[in-house]
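Nothing in this text is a laboratory measurement; each read-out follows from the coordinates by a stated rule. What you see is a predicted model; the values in this text were computed from it and never measured. Ideal geometry is used to build each Cβ from the backbone, glycine not excepted, and the neighbour counts take in all protein chains shown.
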Amino acid sequence: MKSMLLAACVMLAATAPAPTSDELARLSFKNDLLKKRLDLANSKEFYLVLDPAEQSLELMYRAALLQAYRVEGLEVGVPQVMYKSRAEASDWEGKVWKKGALDPVRALDRVEVVAPPPTKEGTELPVQVPQTPEEKYPVPARYHIRFEGGLSIEVRPPGTDEKGGFWSRLMTRWSTWWADAKAAGSGGKSDTVRLHVVMSKKDAESLYRALPPNTALLVVPPSP
Amino acid sequence: MMEGYPLSEDESSPRRGRRVAIIFPAPKRRRGIWVVGVLLAAIAVAMIVGRGTGYAYSSAPVRAALPPFDEPANGAAAKKLQQKLLAQNKQLSAALAKLSPSGTYLVVDQTQNRLFVMNDDQVVRTSVCSAGSGMILKDSGNKKKWVFDTPRGVFKVRNRISNPIWKKPDWAFVEEGKTIPKNPEERFESGTLGKYALYLEDGYMIHGTLYTRLLGRSVTHGCIRLGPDDLQAVWDAAPIGTPVYIF
């Protein structure tokens, strides 16, 4: 009975139509993505997985989900100088980007203390209450995570440019334009592709405070 | 237009009665119009150039084109390749699943002082904790130095102790300006670590605290401190072997 069933399976497999090249390409595409995920999981780096289809940005380490952020909007930007594009927005998906760093930097303010000379009774030290993380690391309205190789993520909460009065908004727009124009016109290798990620203020602040140094990034490409 | 003013009031002066003309130039309206026009044109050009300089954004693509793929020579070769790709897919998925934690694991966000009890990628409990202060302590002779950081990475709960007794390390005495005892028994202190201690690696622990008012702030010497209720919940959820991810 068992052998008959096996023979039937073999016959069925033999008569099944051959896969199309599209099917094979899709399978190969999935495997390629899995391989990249596995490579990241095997490395000793923290990494972000940005999945535009799932509207999620996940902070991961060794295949473990550490934090998940909801992405409310995503745009792809390329630098242009006088209407002429300086780079092509291609080849940024499905690629692993390394050494992500925050700009502005979240600097760790280390306090150095020299202990009092030792005595048998000891010295009563004054209790110093340190700042909370919110006080210690103020989060700018918009910030970047820049990766080696030219990709950068610009994170900002929705409606960032619409806050404040007329002059304040004008100043914000002008300073944003100036920063963008400088980055676009610099001709360097940074910010050749910019992903504009919109997420809630809470998530944007949390990501800024939590992001470990040298974080990698994988942008999950949409399935073909 | 000319206006005359007497040069001197002195009637005896031989130059009496001589007048000097002061000429006020008529405003050149045309020049003003030119200046305003050029200024406006410069602003317009700057705005046009400005708009075309910076970043041009477009929506992220929602559907990708199929990557180039070499078509197999015949149906049999295609089937063989499909089998190979399916096997590879199974192997990769299994390897990834093996690495990813299943069941309960702990996640510590050391910058924001939060501990998450996770279960299969779902947050079960969020607790306020305290992680390493990042402080550098030097002894009075500047011979030794300690950095109070909580290490990043993945650890495991190696041991669990209720009513733990703390064996004070050297820095605990140095910090208080006390002489480091030679007798090891003088290092033991009970009550400081709270009701439970979960030992990770290299002397790092998750434990309780006497200073609950400092929870949420980075104050520790590298360990992770929790309040009594959260410590109880973590104790109940995390047996020996539970992975602890610190970032």
Checklist entry - Stokes-Einstein D for region A:41-165 at 10 °C, 1.306 mPa s, Kirkwood Rh over Cα pairs, in µm²/s? => result 84 µm²/s
Checklist entry - Taking square-rooted eigenvalues a ≥ b ≥ c of the alpha carbon gyration tensor, is chain A rounded, prolate or oblate, where a/c under 1.5 means rounded and, failing that, a/b exceeding b/c means prolate? => result oblate
Checklist entry - Kirkwood Rh, Cα Rg: Rg to Rh for the protein assembly as shown? => result 1.22
Checklist entry - Taking the alpha-carbon set of region B:30-108, what are its Rg and Dmax in Å? => result 30.3, 86
Checklist entry - Using modelled backbone amide H atoms (1.01 Å from N, in-plane), which distant-in-sequence or interchain residues come within less than 5 Å of B:PHE155's amide H? => result B:VAL244, B:TYR245, B:ILE246
Checklist entry - In what sequence do B:ILE224, B:ILE33 fall when counting other Cβ within 10 Å, fewest first? => result B:ILE33, B:ILE224
Checklist entry - Based on Cβ point charges of +1 for Lys and Arg and -1 for Asp and Glu, what charge dipole magnitude is obtained for region B:104-246 about its Cα centre, in debye rounded to the nearest 20? => result 380 debye
Checklist outcome for this item: Cβ density ranking, 10 Å radius, fewest first, applied to B:GLU176, B:GLU201, A:GLU93 yields B:GLU201, B:GLU176, A:GLU93
Item to check | Length-normalised contact order of chain A in % [C-alpha pairs under 8 Å, at least 6 apart] | outcome: 31 percent
Item to check | Rounded tilt (10° steps) of A:166-185 against the dominant C-alpha axis of chain A | outcome: 60 degrees
Item to check | Overall dimensions of region A:58-110 as given by Cα atoms, namely Rg and Dmax in Å | outcome: 16.0, 45
Next on the checklist: Checking the table A:LYS44/B:LYS156; A:LYS99/B:LYS84; A:LYS98/B:LYS143; A:LYS136/A:LYS189 against a 26 Å threshold on Cα-Cα, which pairs fail?
Outcome noted: A:LYS99/B:LYS84; A:LYS98/B:LYS143; A:LYS136/A:LYS189
Checklist entry - HN-Hα J couplings of region B:170-182 from phi, Karplus 6.51/-1.76/1.60, θ = phi - 60°, integer Hz, Gly and Pro as x? => result 4, 4, 5, 7, 4, 4, 8, x, 9, 6, 5, x, 8
Next on the checklist: Checking the a/c ratio against 1.5 first, then a/b against b/c, what shape does the Cα gyration tensor give for region B:104-246?
Outcome noted: prolate
Checklist entry - Which distance in nm do the two modelled labels at B:VAL124 and A:SER21 give, with both placed 7 Å along the Cα-to-Cβ direction? => result 5.1 nm
Checklist outcome for this item: Dipole check, region B:104-246, charges on Cβ (K,R +1; D,E -1), about Cα centroid: among B:ALA237, B:TYR196, B:VAL147 the Cα furthest to the positive pole belongs to B:VAL147
Next on the checklist: From the phi angles alone, apply the Karplus equation (6.51, -1.76, 1.60; θ = phi - 60°) to region A:96-109 and give each ³J(HN,Hα) in whole Hz, x where the residue is Gly or Pro.
Outcome noted: 8, 9, 10, 6, x, 9, 6, 9, x, 5, 8, 7, 8, 8
Item to check | Test item: A:114-127 mean partner chain Cβ contacts at 10 Å | outcome: 5
Next on the checklist: Within a 10 angstrom radius of the beta carbon, how do B:ILE136, B:ILE43 rank from fewest other beta carbons to most?
Outcome noted: B:ILE43, B:ILE136
Item to check | B:ILE224 long-range amide H proximity, modeled H, under 5 Å | outcome: B:MET205, B:ILE206, B:HIS207
Item to check | Student exercise, region A:21-159 dipole from Lys, Arg, Asp, Glu Cβ charges, in Debye to nearest 20 | outcome: 300 debye
Checklist entry - Roughly speaking, what is the stretch gain from B:LYS145 to B:ASP229, that is 0.36 nm per residue apart minus the C-alpha to C-alpha distance, in nm to one decimal? => result 26.8 nm
Next on the checklist: What do you get for the angle between helix A:21-42 and the principal long axis of chain A? Use alpha-carbon atoms, 0 to 90 degrees, nearest ten.
Outcome noted: 40 degrees
Checklist entry - What is the Cα centroid distance between region B:176-242 and region B:147-174, reported in whole angstrom? => result 6 Å
Checklist entry - So what does the Cα-only Debye profile of chain B read at q = 0.18 Å⁻¹, as log10 I(q)/I(0), no solvent term? => result -1.34
Item to check | Model label zone, A:ALA107; criterion: amide N under 20 Å from point 7 Å along Cα-to-beta-carbon; scope region A:198-222 | outcome: A:208-214
Checklist outcome for this item: Under 5 Å from the placed amide H of A:LEU66, counting only residues 5+ away or on other chains, we find A:LEU59, A:MET60, A:TYR61
Checklist entry - Ordered by residue, what ³J(HN,Hα) values in Hz, to whole numbers, does region B:184-198 give under the Karplus form 6.51 cos²θ - 1.76 cosθ + 1.60, where θ = phi - 60° and Gly and Pro are x? => result x, 5, 6, 8, 7, 9, 9, x, 5, 8, x, 7, 9, 9, 10
Next on the checklist: Helix-only mean residue ellipticity at 222 nm, the protein assembly as shown, DSSP H runs n ≥ 4 weighted -39,500 (n - 2.57), per residue, nearest 500. What is it?
Outcome noted: -9500 deg cm²/dmol
